[in-house]
Amino acid sequence: MELQDEIFIEAPRDVVDAALNNPEILQQCIPGCEELIKESDTELSAKVALKIGPVKAKFGGDVTLDPSEAPSKFSLTGEGNGGVAGYAKGGADVELIEQDGGTLLKYTAKAEIGGKLAQLGSRLVMSTAKKLSKTFFQNFNEVLTAPPVEESEAADEATNEEKKKGFWGKLVGA
C-alpha cells in the first residue's frame, strides 16, 4: 500500500521540522495515540488504539527517524504489532518546501500489513489509512497555526473554571 499527499502549513519550515520531531506535538496529532516516548534523538516508541472496519486493536510499535537531510527532508521507518489484529510496518519520506510564507509538506508513505488487517481488503484499509493521514495533518496544522494562549488568558480561564465549579458545586449541594 502506498500513500502520497501534500499539505500547506502556515508556519516556517524550521518550525514545521521541529514540530515533526516533538513527541508531545505528535501525540496530540496522531489519531488514537495513547503514548509516544522519545527513546533517543532518532527513536520513538508508541501505543496507538485504532479501529479499522470491524477490527479494533491497540498497537505497540517503534519508529526510527533519519533526519540527516533536515530541515528540508527526512524519512522514517517503523513497525507495530496489534496482537491478533495483525501487524503493520513501513516508512515514509517527507519533504518540506518553503513556499508563500509557509511550508509545503509532501510525503510518500509505504506500508505492509498482515494478520486480520490484511484480510479486511485493500480498499477498506486504504480508505482508513487516507482518513487517518488526513486527520493527522489537519490536527498538525491546527496545532501549529493556533494562536498562543497568553499567561493572563490562561489564568483567567483557570479562574473562570474555578468559578464554574463553585457555582455548580453550590447548585448540586457539594
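The values are calculated or read from the model by the stated rules, or taken from the named source; none is laboratory data. No experiment lies behind these values; they were computed from the predicted model shown. Because the Cβ atoms are built from the backbone with ideal geometry, glycine has one as well, and the counts that use them run over all protein chains shown. Keep in mind that these areas ignore ligands, DNA and RNA; they rest on the heavy atoms of the full protein, side chains included. Shrake-Rupley method; radii C 1.70, N 1.55, O 1.52, S 1.80 Å.
Side notes on the structure shown:
- Of the residues making up segment 77-96, those that are open to solvent by less than 50 Å² (accessible area, probe 1.4 Å) and either more than 19 Å from the chain's Cα centre (by Cα) or basic (Lys, Arg) (or both) number 2.
- GLY173 satisfies every condition listed in (1) modelled with pLDDT under 90; (2) within 21 Å of VAL48 (Cα to Cα) except (2).
- Qualifying residues in segment 17-49 (those that are polar (S, T, N, Q) and more than 18 Å from PRO67 (Cβ to Cβ)) - the one surrounded by the fewest Cβ atoms within 10 Å (Cβ to Cβ): GLN28
- Exactly one residue among PHE74, PHE8 is touching a residue at least 40 places away in the same chain (Cβ under 8 Å) and open to solvent by 50 Å² or more (accessible area, probe 1.4 Å), and that residue is PHE8.
- The strands (runs of 3 or more DSSP E) found entirely in segment 57-123 that carry 3 or more residues being farther than 20 Å from GLU43 by Cβ and at pLDDT 90 or above are 87-99, 102-114.
- Residues of segment 122-133 that are touching a residue at least 24 places away in the same chain (Cβ under 8 Å) and loosely packed, with under 14 Cβ neighbours inside 10 Å: SER122, LYS130.
- Some residue of segment 4-20 being of a type outside the set (Gly, Ala, Ser) and at pLDDT below 90: no
- In the set VAL48, VAL55, VAL16, only one residue is among the aliphatic types (A, V, I, L, M) and either under 17 Å from GLU79 (Cβ atoms) or touching a Gly at 6+ places or on another chain (Cβ under 6 Å) (or both); that residue is VAL48.
- Leading residue by the ranking (nearest to LEU117 (Cα to Cα)) among those in segment 7-63 that are among the hydroxyl-bearing types (Ser, Thr, Tyr) and over 15 Å from the mean Cα position of the chain (by Cα): THR42
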